[in-house]
Amino acid sequence: MHLRSSLPLVLVALLLSGCAATLQPAVEKPGLPEEYENRIDDVRSRMRAACVARDYQPYFRKTACLPSGITAAMMNDRTRITGEQKRAAERVFVLTHELNEETRRIMIESGVLELAQSAAASRAERDPMILELQNQLLEGRITWGEYNRARFSLYEQGSHPEPLPEAAGDETAPAGTAPAQSAR
């Protein structure tokens, strides 16, 4: 079976910009096992819970849980991170990294080549950019507005990827499986 896949590496999903949005593989066609869907839903549920958790609010008052929710006001925020916001951000970054890694593990274990490739590409290509952006914020080198603009830009870049060539004759992609997208 020929499969086509887009690879939006918006980690985060995001958990992209990855800065507080998990990888979110979006199924384009039916066919992935229910166990896969349930495991992904569990990760998403934990991220949604984190978005409203009291301990993380100093961070989420300055940026949206998902990069798609970043507002113009957030992009124009000229303030720098405070101690309280830094502590919350550090915890959010640890959690989102853990959730992204769990999502990648689920994608790899799915047996779908495109999902495994997307997981590997996310780790190799997006994680270094996300880590650098997070460090700039935590160290006070950029404002919240600069952080939010960069985070949104990473999200946008991952939202419009080039399609992969068709995977002809690939035995690792089970028949009837659907290509997926990942977002960080």
Determine the gain in length on full extension of the stretch Arg141-Thr71; use 0.36 nm per residue of separation and subtract their C-alpha separation, reporting nm with one decimal. 23.1 nm
Please calculate how many Å² of accessible area the range 81-165 carries per residue, with a 1.4 Å probe and no DNA, RNA or ligand atoms counted. 46
When a/c is below 1.5 the answer is rounded, else prolate if a/b is larger than b/c, else oblate, so apply that to the range 85-158 with a ≥ b ≥ c taken from the square roots of the Cα gyration tensor eigenvalues. prolate
How many nm is it between the label spots at Ala49 and Thr79, if each spot is 7 Å from the Cα in line with the beta carbon? 2.9
Quick one: pull the percentage of alpha-carbon pairs in the range 26-109 with a separation above 21 Å. 40
Residues of the range 90-122 with amide N under 19 Å of the 7 Å Cα→Cβ point at Asn38: 102-112
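The values are calculated or read from the model by the stated rules, or taken from the named source; none is laboratory data. Owing to the predicted nature of the structure, the values given are computational and were not obtained by experimental measurement. A quick note on method: Cβ atoms are made from the backbone with ideal geometry, for glycine too, and the neighbour counts reach across all protein chains shown. These area figures cover heavy atoms from the full protein model, side chains too; ligands, DNA and RNA do not enter into them. Shrake-Rupley method; radii C 1.70, N 1.55, O 1.52, S 1.80 Å.
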